[in-house]
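To keep things clear, I will list the structure first and then write my remarks on it.
The values are calculated or read from the model by the stated rules, or taken from the named source; none is laboratory data. Since the model is a prediction, treat every value here as computed from it, not as a measurement. Methodologically, a virtual Cβ is constructed for each residue, glycine included, from the backbone with ideal geometry; neighbour enumeration extends over all protein chains shown. These accessible areas exclude ligands, DNA and RNA; they are computed on the full protein's heavy atoms, side chains included. Shrake-Rupley method; radii C 1.70, N 1.55, O 1.52, S 1.80 Å.
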Amino acid sequence: MTFESPSDPRDVQERQLSVVPGRSESMERVAVLVDQVAERASGGDLLAPAQATVRILSVLSDLGYQPIEVSLEPEKTDEWLKVIMDGDFDVAFNLCETVAGIAAGEYLAAAAVELLELPMTGASAATLLLCLDKDRCSAILRTNGISVPDWAVVEEDGSLQKDWELFPVIVKPAAEDASNGIHPSSIVRSHGELLEVVNRVQDSWGRVLIQEFIEGREINLAIVGKHLLPPAEIDFSTLPDGSPPIVTFAAKWHPDSPEYVGTVPICPAPLPPGKAEQLQRLAARTWQLMAGRGYARVDIRLAEDGTPYVIDINPNPDLSLDAGLFRQARVAGWSYEELIGRIVEEALPSENGDGVADHGWTFVQPQTERIETV
């Protein structure tokens, strides 16, 4: 089992972990948990998540922690667990969004840490699992009076309901994140087209979610601990003609694509103060219903009549410098170091609790000029 602890963010060197005897009790030891498949291409090159990991390791060191990267390799789960158990760690910084590159395994990594009773950043295994299953998440929200788009699920071995008549819809994997499986063709406006797209998504992803498409503004709400950060908005006005106003996979991960260039995040979102606080409160209630803790992003669509619809809940969102969470933190006046520090502090036991969020919400006001790009 190998571990990576960069002395220089540009040079990640593999080494064997050795428990340091007699270490200073004031230097808390942090296991930075990552999935090797998600961090490295087949040739061994660092992918975008790994670049964020290197930066987080450096920041944790600057903050006075002793960070050790613990990389989960395929078919070596037992070794990974043993190192966590034997590593004399005070807290785990959980960056495992997948296990062996599969999103459905995200909650398993968190569950393993919970079984070891090690404090952990971010959401619990139960919250991660619930938010990944988009249909079940929507059912809970609707039951509690929160507006969500109408939806249906086509099971892996099932067929499309012939009586579905609500259009337009967006068709996407029922249990994925990071916009996996979402493309311009995901917006469907007829039953014949719907059948074709469902079959295509089903072939690649298994369970398929058909979700009413709310045509309106898209607002992102960010939560860190008890702090509700300034809302952001995705501006779709510069997308090529004919492109649907959605955040596709290319819009997130392909910087040279028209979708990436045409989906401009604006923070703070141009909203009246009362509307911004209304949406922040909605995001907070949504997160509480998921038993959320740590940090999250809640995505909302504003319909033409002003009704906010929750379309997605993202626990443990991307912590890259150019990702939405840090953009909103910057507008709140936080540095990257402060963001990472707050995330760790939320996980550590304190005099007032055991790392579980005690929600007394703080509405963080914008402290900087509007940011459109990072």
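Per-residue extension of 0.36 nm, minus the Cα-Cα distance of Arg142 and Ile266, leaves a gain of 41.8 nm for this segment. The accessible-area ordering, largest first, of the residues Tyr295, Tyr65 stands as Tyr65, Tyr295, per a 1.4 angstrom probe. Each other residue within a Cβ distance under 13 Å of Ala103 adds +1 if Lys or Arg and -1 if Asp or Glu, for a net charge of -3. A 1.4 Å probe over all protein chains sorts Trp361, Trp334 by accessible area into Trp361, Trp334, starting with the largest.
Other residues lying with their Cβ under 13 Å from the Cβ of Glu79 contribute a combined charge of -2, Lys and Arg counting +1, Asp and Glu -1. A simple rule links phi to the HN-Hα coupling: the Karplus curve 6.51 cos²θ - 1.76 cosθ + 1.60 with θ = phi - 60°, which for segment 308-320 gives x, 10, 6, 10, 6, 10, 10, x, 6, x, 3, 10, 5 Hz, with x for Gly and Pro. Taking amide H positions as modeled 1.01 Å from N, with prolines and chain starts lacking one, the residues under 5 Å from Arg217 and 5 or more places away or on another chain are Leu302. Using a simple spin-label model with pseudo-atoms 7 Å out from Cα toward Cβ, Glu155 and Phe363 lie 4.5 nm apart.
Across the options Ala251, Ser237, Leu289, the greatest Cα extent toward the positive end of the charge dipole of segment 234-299 (unit charges at beta carbon of Lys, Arg, Asp, Glu) belongs to Leu289.
In a simple Cβ point-charge model (Lys, Arg +1; Asp, Glu -1; nothing else charged), segment 196-247 has a dipole of about 340 debye relative to its Cα centre. Using a probe of 1.4 Å on the protein chains alone, the accessible area found for His254 is around 90 Å². Distant-in-sequence amide contacts of Ser124, defined by a placed amide H-H separation under 5 Å and a gap of 5 or more residues or a different chain, comprise Arg293.
Arg285 sits with roughly 100 Å² accessible to a 1.4 Å probe, with DNA, RNA and ligands left out of the calculation.
Per-residue SASA remark: Glu212, around 40 Å² accessible (1.4 Å probe; ligands, DNA and RNA not included). With K and R counted +1 and D and E -1, the other residues having a Cβ less than 12 Å from that of Ala303 yield a net charge of -3.
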